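**Student:** Below is one structure. I have some questions about it.
Nothing in this text is a laboratory measurement; each read-out follows from the coordinates by a stated rule. This is a predicted model, so every value here is computed, not measured. Here the Cβ is made from the backbone with ideal geometry for all residues, glycine too, and neighbour counts use every protein chain on show.
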Protein chains: 2
Amino acid sequence: MPTRPVDNNKTLYLGIDGGGSKCRARIVSADNLLLGEGISGPANPVHGFDQTVYSIKDATLKALDDANLAPERIADLVAGVGLAGVNVPSYYEQMNDWAHPFCKMFLTTDLHIACLGAHSGEDGAVIIVGTGSCGFVSVAGEQSMLGGHGFPYGDKGSGAWIGLQAIKAVLLAHDHLGPSTLLTDLVDEFYQLNGNIVSLIEWVAAKPSSIYARLAPSVFQAAEAGDPVACRIIEDGVAYIDALAKCLLDKNPPKLALIGGVAEKIRPLLSPEVQEKVVDPVAQPEFGGIYFAKNSSATWRKQLS
Amino acid sequence: MPTRPVDNNKTLYLGIDGGGSKCRARIVSADNLLLGEGISGPANPVHGFDQTVYSIKDATLKALDDANLAPERIADLVAGVGLAGVNVPSYYEQMNDWAHPFCKMFLTTDLHIACLGAHSGEDGAVIIVGTGSCGFVSVAGEQSMLGGHGFPYGDKGSGAWIGLQAIKAVLLAHDHLGPSTLLTDLVDEFYQLNGNIVSLIEWVAAKPSSIYARLAPSVFQAAEAGDPVACRIIEDGVAYIDALAKCLLDKNPPKLALIGGVAEKIRPLLSPEVQEKVVDPVAQPEFGGIYFAKNSSATWRKQLS
C-alpha cells in the first residue's frame, strides 16, 4: 500500500461508499467540516477492477471540485473506502494493492461503513437493500456479516433480485408457461417495447445487476395494484429480509437500520417484532467511511509512534 | 454478407453448432461423405461476438485438419451455422454481418439445426436441455420456438439453471437462512473449498452460464441420494421442461427429441404422456447445419438462375 507522510495541517478525510450502481465520495476537514461531495458510476470490484478504481477516482475528483479544491489535493486525502465484494479475500487483496492516489487508504466493506454511518460509530446492525442485499452487525467489537454473496446467486430481496424475478415472470407469461401478470405491461412501458416483449432481453442480457434493479419500482407498483405474481415476488423477498433481520437481532444490537434504494418500500412490510427494532440511519455510509478513516489513521499513527 | 463464386467440384459443406459451452463443426463432401470434425469453445453471440467468431473459425480449422485438408480450403466451405442467441434480431444481424472466411454462410438458430439433425430434416420438435434450455417445433413449414431467452432470467430446467439453484441453496444453508443440504458437501468437494463455502463465489462470480452448468451432475447425484433440497430443484426444473414439451406437442409434431447435456437425466422424469412421444435424435445438430447449408444454397442458386 503506497503511503506518504501525513501533514496534519493539510490532511483531509475522504469517505467512499462503492457498490453495484454508484460510488459516493464525501470530503471533510480534520475538524469535521463537510467540504464537498461527488458521485460516480459502479464500484464493485467483483464486476471489474478498472471500473471500480475509475469510479472511486472520478467521485473523489468531483468531491474535490465541489469543495473548490485543486485535483492535486487528492494526495492529501486520508481515505476510508467501503466497497461491496471486498469481504471476498481475493477482491480485498486486489483493491488493497491498488496504487491509489491518496495519502493513505483504509479499506473495508460497504457494510462496515454503512453500519458506522447509520449508528454514528456506535454498536448496531444494518441491512442494505439496494442493488444487492446484505446484513451486518457490530456488537462489543464483534462484527459479522450475513447474506449478500452477489448476483444472481445471492442478494435475495434486493432490487436486482426483485427485477430478475420480474423478468423471469414476464418471459414465462409471454410463453404461456406462467400466469399472466401486470408486470408485462409495466416492463413493456419501462423499456418501450411496443408489445415486442422478448426484445426486453436486449436490455438485460450480459448486463450488471444494476440494470435489473431499475425494474424494482415497477414490481412494487404492480404489487400495490394487487397483481398476484408481483405480490408473490415481494412477499418472497420480504420473508428473506425478515429472516435476515431476525438472525442479526439474535446478536442483540441496540438498533437496526435499513438502508439502500429498496429499504423504504421493504420496511413497512417486515414482521412487527423486527419493525420495532428498526430506526432511521443517522448518516450515510460515506460518513461511516470518514469515521473509519479517522479511527484507522489514529490507530495507525499510534502503532508508528 | 461476403460471397464468392461457388465451384461445385471444390465445394464442401460445413455444419456449425454453437452454444454457451462449445462450438462443434463437421465437414462433408458434396456427395455426403463425412470428412472431418472439430470442437472449440463457447459460441453464443449474446456472451460476446469476438469469442463466438473465434470459436467458429477454430472449430472449422480443426475439422479441416481432421479431414487432412489445407486451412485455405476454408474458402470453399458452404456453411450452415446454427447459433444460440440469434433468435434475437440484433445478434442475428451482428453475426450475419460478420466478414466470415467461408464461400457462403447461411445463419439460423441452434434450435433449427438441432431439429433438422434430430429428425433427418423432417417435421418434428426438439427440446434442448444443455447449458441452456429451449423448445422448437417445425410442422408443415411452420416453425416456432418456445422458452430459452438466456441466463439467468430464462433457460429454466437447464444445466446452468440447475447449477444456479444449487449455489443459491448452498449459500442460504451456509447462512442458516435455508435448510441444510447434501449439496453443501458436493459443492465443497467439486471446487475443493475445504469447508470455506463462501469462497465458491470466486468460482462463479461474473462467469458465463457454462460455469454453473458444471454443477448440474452434482444436483442429480444429491437428488438420487434423496436430498430434499436437490429433489425440489430437479422437480421444479422437470415440471418446466414437461410444460414446455406439452406446448410443443400441441402443434402435433410427429416426434419429439430431447438433446443436450442434461437430456438423458431429464427424459425418464417427464410425465408419461410426454415420454411416449419422445424419440432418440437421429443425428447431431452439426448435421442439421449441413442439411440447412445444402437446402439454403440450392434455394439461393435457384434464385440466382
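**Student:** Once both axes come from the Cα atoms, what is the angle between helix A:285-304 and the longest principal axis of chain A, in degrees from 0 to 90, rounded to 10?
**Tutor:** Compared with the principal axis, the helix lies near 30 degrees.
**Student:** Out of all Cα-Cα pairs in the range A:42-89, roughly what percent, to the nearest whole number, are more than 11 Å apart?
**Tutor:** Cα-Cα pairs of the range A:42-89 separated by over 11 Å account for 69 percent.
**Student:** With the contact rule set at Cα under 8 Å and sequence spacing of 6 or more, what percent relative contact order holds for the range B:159-279?
**Tutor:** Relative contact order here is 26 percent.
**Student:** Also: Would you please report the Å³ per residue occupied by the convex hull of the alpha carbon atoms in the range B:45-198?
**Tutor:** In the range B:45-198, the Cα hull volume divided by residue count equals 168 Å³.
**Student:** Taking just the alpha carbons, could you work out the radius of gyration and Dmax for the range B:1-125, both in angstroms?
**Tutor:** That works out to 13.6, 37 Å for Rg and Dmax.
**Student:** Do the sum for the protein assembly as shown: with -39,500 (n - 2.57) for every DSSP H run of n ≥ 4, divided by all residues, what is the mean residue ellipticity at 222 nm, to the nearest 500 deg cm²/dmol?
**Tutor:** The helix contribution divided over the protein assembly as shown gives -12500 deg cm²/dmol.
**Student:** Farthest toward the dipole's positive end in the protein assembly as shown, which of A:A283, A:H100, B:G18, given Cβ charges of +1 (Lys, Arg) and -1 (Asp, Glu) about the Cα centre?
**Tutor:** About the Cα centre, the residue reaching furthest to the positive side is A:H100.
**Student:** On to the next question. How far, in nm to one decimal, is A:D50 from itself in the other copies if the label point is set 7 angstrom along Cα toward Cβ? Shortest first, please.
**Tutor:** Inter-copy label distances (nm, one decimal, shortest first): 0.9.
**Student:** May I pose another question? For a quick check: with amide H placed at 1.01 Å from N, whose amide H comes under 5 Å from B:V279's, ignoring anything fewer than 5 positions away on the same chain?
**Tutor:** B:L256, B:A257, B:L258
**Student:** Next up: Over chain B, what relative contact order in percent results from Cα pairs under 8 Å that are six or more residues apart?
**Tutor:** It rounds to 21 percent for chain B.
**Student:** Over the whole of A:88-97, what's the average partner chain Cβ count within 10 Å per residue? Rounded to a whole number, please.
**Tutor:** Neighbouring Cβ atoms belonging to other protein chains average 2 per residue here.
**Student:** Compute the distance in nm between two label points, each set 7 Å from the Cα along the Cα-to-Cβ direction, one at B:N196 and one at A:Q143.
**Tutor:** 1.9
**Student:** What does the net charge come to around B:K22 if you take all other residues with beta carbon closer than 14 Å to its beta carbon, with K and R at +1 and D and E at -1?
**Tutor:** -1
**Student:** When N is the residue count of chain B, what does its C-alpha Rg come to as a fraction of 2.2 N^0.38 Å?
**Tutor:** Against the empirical 2.2 N^0.38 Å value, I get 1.06 for chain B.
**Student:** Work out the FRET efficiency for A:E72 and A:I39 from their Cβ-Cβ distance, taking R0 = 25 Å, and round it to the nearest 0.05.
**Tutor:** 0.70
**Student:** Post the alpha-carbon centroid distance, the range A:171-235 to the range A:39-81, in whole angstrom.
**Tutor:** 34
**Student:** Over 5 Å intervals from 0, what percent of Cα-Cα pairs in the range B:109-209 sits in each interval?
**Tutor:** Reading upward from the zero bin: 3, 12, 18, 16, 14, 10, 8, 8, 7, 4, 1, 0.
**Student:** Now for a different question. Using a ≥ b ≥ c from the Cα gyration tensor of the range B:172-232 (square roots of the eigenvalues), is it rounded, prolate or oblate, where a/c under 1.5 gives rounded and otherwise the larger of a/b and b/c decides, a/b for prolate?
**Tutor:** Here the range B:172-232 falls in the oblate category.
**Student:** Tell me which residues come under 5 Å, amide H to amide H, from A:T109 once H is placed; ignore anything under 5 positions away on its chain.
**Tutor:** Sorted by chain and number, the residues that satisfy this are A:L83.
**Student:** May I ask what percent, to the nearest 5, of DSSP beta bridges between residues of chain B are antiparallel?
**Tutor:** 55
**Student:** Suppose R0 equals 35 Å; then what is the FRET efficiency for B:N32 and B:D250 from their Cβ-Cβ distance, rounded to the nearest 0.05?
**Tutor:** FRET efficiency, B:N32 to B:D250: 0.50.
**Student:** Using the number of other C-beta atoms within 10 angstrom as an exposure proxy, rank A:L77, A:L14 with the fewest first.
**Tutor:** Fewest to most other Cβ atoms nearby, the residues stand as A:L77, A:L14.
**Student:** I've got another one for you. For the protein assembly as shown, evaluate the Debye formula with one uniform point scatterer on each Cα (no solvent term) and list log10 I(q)/I(0) at q = 0.08, 0.11 Å⁻¹, rounded to two decimals.
**Tutor:** Scattering profile of the protein assembly as shown, log10 relative to I(0): -0.65, -1.06.
**Student:** Follow-up question, since we're still on this one. Compute the acute angle (0 to 90°) between the alpha-carbon long axis of helix B:159-174 and the principal axis of greatest extent of the alpha-carbon atoms of chain B; round to the nearest 10°.
**Tutor:** Value to nearest ten degrees: 20.
**Student:** Could you tally the net charge around A:Y54, taking each other residue with its Cβ under 14 Å from the Cβ of A:Y54, Lys/Arg +1 and Asp/Glu -1?
**Tutor:** The answer is +1.
**Student:** If N is the number of residues in the range B:215-303, what value comes out of its Cα radius of gyration divided by 2.2 N^0.38 Å?
**Tutor:** Dividing the Cα Rg of the range B:215-303 by 2.2 N^0.38 Å gives 1.44.
**Student:** Okay, moving on. Under the rule of at least 5 residues apart or a separate chain, name every residue whose amide H is placed under 5 Å from the amide H of A:L35.
**Tutor:** Result for A:L35 returns A:I27, A:V28, A:S29.
**Student:** Right, next: Could you quickly flag the chain A residue whose beta carbon comes closest to the rotation axis taking A to B, and that distance in whole angstrom?
**Tutor:** Result for the axis mapping A onto B: A:P152, 2.
**Student:** Mind checking the mean number of beta-carbon atoms from other chains within 10 Å of the Cβ atoms in A:143-150?
**Tutor:** Partner-chain Cβ atoms within 10 Å, mean over residues of A:143-150: 4.
**Student:** For the charge dipole of the range B:159-279, defined by +1 on Lys and Arg C-beta atoms and -1 on Asp and Glu C-beta atoms about the Cα centroid, which residue among B:Y212, B:V187, B:L249 has the Cα displaced farthest towards the positive pole?
**Tutor:** B:L249
**Student:** B:S90 label points, 7 Å along Cα→Cβ, one per copy: pairwise distances from this copy to the rest in nm, shortest first?
**Tutor:** 3.0
**Student:** Tell me the distances, shortest first, between B:A298 and the same position across the other copies, using label points 7 Å along Cα→Cβ, in nm to one decimal.
**Tutor:** Nearest first, the other copies' label points are 8.4 nm away.
**Student:** Based on DSSP, what percent of beta bridges with both residues in the range A:72-212 are antiparallel, to the nearest 5?
**Tutor:** Antiparallel: roughly 65 percent of the beta bridges in the range A:72-212.
**Student:** Also: With +1 assigned to the C-beta of every Lys and Arg and -1 to the C-beta of every Asp and Glu, and no other charges, what is the dipole magnitude of the range A:29-75 about the Cα centre in debye, to the nearest 20?
**Tutor:** For this selection, approximately 100 debye.
**Student:** Continuing with the same structure: Calculate how steeply helix B:228-249 sits against the longest principal axis of the alpha-carbon atoms of chain B, using the helix alpha-carbon long axis, and give the answer as 0 to 90 degrees to the nearest 10.
**Tutor:** The angle comes out near 40 degrees.
**Student:** Could you tally the net charge around B:S133, taking each other residue with its Cβ under 9 Å from the Cβ of B:S133, Lys/Arg +1 and Asp/Glu -1?
**Tutor:** Once all neighbours under 9 Å are counted, the net charge is 0.
**Student:** When 1/r is averaged over all different Cα pairs and the result inverted, which Kirkwood radius in Å belongs to the range B:224-270?
**Tutor:** Final number for the Kirkwood radius of the range B:224-270 is 11.8 Å.
**Student:** With no solvent and one equal point scatterer per Cα, compute the Debye intensity ratio I(q)/I(0) for the range B:159-279 at 0.20 Å⁻¹ and report its log10, rounded to two decimals.
**Tutor:** Log10 I(q)/I(0), no solvent term: -1.05.
**Student:** With +1 assigned to the C-beta of every Lys and Arg and -1 to the C-beta of every Asp and Glu, and no other charges, what is the dipole magnitude of the protein assembly as shown about the Cα centre in debye, to the nearest 20?
**Tutor:** 800
**Student:** Could you pull out every one of the lysines with an alpha carbon less than 30 Å from that of B:K265, ignoring same-chain neighbours closer than 8 positions?
**Tutor:** Leaving aside lysines fewer than 8 places away in the same chain, those within reach of B:K265 are A:K156, A:K168, B:K22, B:K156, B:K168, B:K207, B:K246, B:K251, B:K255, B:K277.
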